[in-house]
Amino acid sequence: MINTSFSSAKSLNSALIGAAIADGYIDSVNDPVVKYIPEITGRGLDELTIRDLLLMNSGIEYIHNDEVPFYKHPFGDDAFTYYSPDLRKIALSVQASDTPIGETFRYNNYHPLLEGLIIERVTGMSVAEYLQERFWKPMGAEFPASWSLDSEESGFEKMESGINARAIDYARFGLIFLHNGNWNGAQILPEAWVAESTQPLRPDPRRWEVVPEWQGYTRYYKYHWWGLDNPDGTSDFYAHGKYDQIVYIAPRKNVVIVRLGNVPDGYVRWPLVLHNIVDQLP
């Protein structure tokens with residue numbers, strides 16, 4: 001069965017940024033975004049870096065649906081970044097917020113759209129083509145996958161949510177990270193990138209404007225991966241999307257778990273369930 005990724009796609013976006021750096025298309029995560037997207041110059045975002053995008057380091061104005069009355073939802077940022085038929089145009093419309101860059105954590109769907117623009121501009125390929133060449137082919141994906149587009153006319157990938165694949169291939173992607181970027185002897189991603197993108201940001205000096213309770217229980221967010229600290233000093237990390245689409249990676253037990261859903265499950269914290277399952281493994 002083909003399952004859409006929802007926001008688990010963001011973790012693959014992060015991997016693509018790492019691949020583009022390894023391939024020499026991008027110099028560093030510390031590059032300013034305006035180096036690649038000069039159209040947003042002069043809006044108070046000139047100091048915004050690719051690393052800020054990956055960390056969801058605020059700076060860009062974004063209001064979530066649960067922060068406004070329901071009748072404003074069709075005209076809010078969640079709707080614009082999910083349903084727009086021209087997501088490139090939406091990405092280029094970003095504005096600075098009142099919060100300085102790097103001061104707070106605010107989950108923000110404009111970030112992956114900007115990452116997609118950078119990837120297609122520097123590689124000369126569509127994001128889906130680059131994913132195919134850098135991950136799907138080398139890892140020997142068992143089934144064809146797809147990436148939903150904003151519209152036929154625009155043809156830009158839904159960077160925030162749109163990868164569609166089977167569980168076995170989500171698991172294969174997870175195995176690349178479990179094995180420090182290696183797939184059967186081929187180094188698909190640099191080991192240093194895997195460590196940098198998945199290990200905790202400590203100390204984390206930011207105030208969390210969204211889900212503040214998550215940080216309070218030795219949990220973290222790093223380069224579009226969510227994480228859970230373990231008592232032994234190690235960390236589990238995972239891609240996480242709506243309806244609890246999860247690719248859960250636990251190096252301490254050498255295991256990858258894929259959990260896919262299609263309905264809301266508001267009474268279960270699936271990442272914590274998977275963490276507990278891993279705890280029981282020999």
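The values are calculated or read from the model by the stated rules, or taken from the named source; none is laboratory data. Predicted, not measured: the structure shown is a model, and the values here were computed from it. Heads up, the Cβs are rebuilt from the backbone with ideal geometry, glycines too, and the neighbour counts pull from every protein chain shown.
What to note about this one:
- Listed conditions (1) touching a Phe, Trp or Tyr at 6+ places or on another chain (Cβ under 9 Å); (2) not in a helix (DSSP H, G or I) are all met by residue 153, apart from (1).
- When each of 41, 49 is tested for being free of Cβ contacts under 8 Å to residues at least 12 places away in the same chain and polar (S, T, N, Q), the lone residue that passes is 41.
- In the stretch 15-32, the residues that are surrounded by fewer than 19 Cβ atoms within 10 Å (Cβ to Cβ) form Cβ pairs under 6 Å with partners that are assigned to a loop (DSSP other than H, G, I, E, B) and not aliphatic (A, V, I, L, M), at six or more places apart or across chains, as follows: 22/190.
- Scan of the stretch 55-81 for residues that are more than 22 Å from residue 150 (Cβ to Cβ) and in contact (Cβ under 8 Å) with a residue 12 or more places away in the chain, ordered by number: 55, 57, 58, 59
- Within the stretch 164-194, the residues that satisfy the criterion of being of a type outside the set (Phe, Trp, Tyr) and in a helix (DSSP H, G or I) are 167, 168, 169, 171, 172, 174, 175, 176, 178, 191, 192, 194.
- Inter-residue pairs, beta-carbon under 9 Å, first in a strand (DSSP E or B) and modelled with pLDDT of 95 or more and in the stretch 242-263, second surrounded by fewer than 17 Cβ atoms within 10 Å (Cβ to Cβ) and of a type in the set (Ser, Thr, Tyr), 6+ apart: 250/234
- Tally of residues being surrounded by fewer than 21 Cβ atoms within 10 Å (Cβ to Cβ) and assigned to a helix (DSSP H, G or I) across the stretch 195-241: 6
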